[in-house]
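**Student:** The structure that follows is given in the form of structure tokens.
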Amino acid sequence: MRVEGREGTIVMVGGGRVRVDFNHPLAGKSLEFEVTINQKIEDLTEKIQAITNRVIPRVSIDEFKFEISEDEKSLDIIFPQYLMFVEGISVSKFSLARELNTYLGFDTVRLIDKFEMGGSTTDELTTTDLEESLISGQNDEEE
């Protein structure tokens with residue numbers, strides 16, 4: 001049955017009431033998947049690019065610049081200028097930094113917004129504290 005545009009299943013009728021289950025038909029069931037691993041990424045830069053592409057999928061990975069410290073404990077990511085206009089980018093940046101720490105062990109992730117001011121003058125504004133991403137109060141762009 002359909003209620004307010006949602007698909008449901010009648011699970012009980014009695015006492016003048018009807019109970020409708022709006023869960024997906026596979027909810028609560030154990031599922032088995034068969035997968036094939038096509039490639040194992042070993043290169044650190046490729047791993048960073050893969051995580052970045054997953055967290056911020058609508059931007060070409062070629063538009064980012066990654067700088068890894070010699071000891072591989074810190075990472076600078078320079079974002080393309082137009083990204084500052086993307087709604088929810090602050091939350092995405094925080095998620096990216098957290099995942100790079102969790103999965104690749106970076107102690108420090110600096111997220112750098114690069115602003116080019118007409119011609120040859122370039123100023124870089126750096127967000128060194130991840131908390132600044134949270135303070136912005138923007139919502140995540142994920143649907």
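**Student:** Of the conditions (1) part of a helix (DSSP H, G or I); (2) surrounded by 16 or more Cβ atoms within 10 Å (Cβ to Cβ), Ala50 clears all except one; give me its number.
**Tutor:** (2)
**Student:** Take Ile37 and decide whether it is surrounded by 10 or more Cβ atoms within 10 Å (Cβ to Cβ) and at pLDDT 90 or above.
**Tutor:** Criteria not met by Ile37.
**Student:** Out of everything in the range 92-106 that is touching a helix residue (DSSP H, G or I) at 6+ places or on another chain (Cβ under 7 Å) and within 14 Å of Lys47 (Cα to Cα), what residue ends up being surrounded by the fewest Cβ atoms within 10 Å (Cβ to Cβ)?
**Tutor:** Filtering first and then ranking leaves Tyr103.
**Student:** Same structure, new question: So Glu87 fits all but one of (1) modelled with pLDDT under 95; (2) under 12 Å from Leu44 (Cα atoms); (3) of a type in the set (Asp, Glu); what number is the exception?
**Tutor:** (2)
**Student:** Next question, about the same structure. Looking only at the range 70-98, count every residue that is assigned to a loop (DSSP other than H, G, I, E, B) and touching a residue at least 24 places away in the same chain (Cβ under 8 Å) and tell me the total.
**Tutor:** Within the range 70-98, residues that are assigned to a loop (DSSP other than H, G, I, E, B) and touching a residue at least 24 places away in the same chain (Cβ under 8 Å) number 6.
**Student:** Identify the single condition in (1) in contact with an Asp or Glu (Cβ under 7 Å, 6 or more places away or on another chain); (2) over 21 Å from Asp113 (Cα atoms); (3) not small (Gly, Ala, Ser) that Val3 does not satisfy, given that it satisfies every other one.
**Tutor:** Every condition holds for Val3 apart from (1).
**Student:** Hey, any hits in the range 21-31 for a residue that's touching a residue at least 12 places away in the same chain (Cβ under 8 Å) and in a helix (DSSP H, G or I)?
**Tutor:** no
The values are calculated or read from the model by the stated rules, or taken from the named source; none is laboratory data. Every value quoted in this text rests on a predicted model; they were computed, and no experiment measured them. Cβ sites come from the backbone with ideal geometry, for glycine too, and all protein chains shown count toward neighbours.
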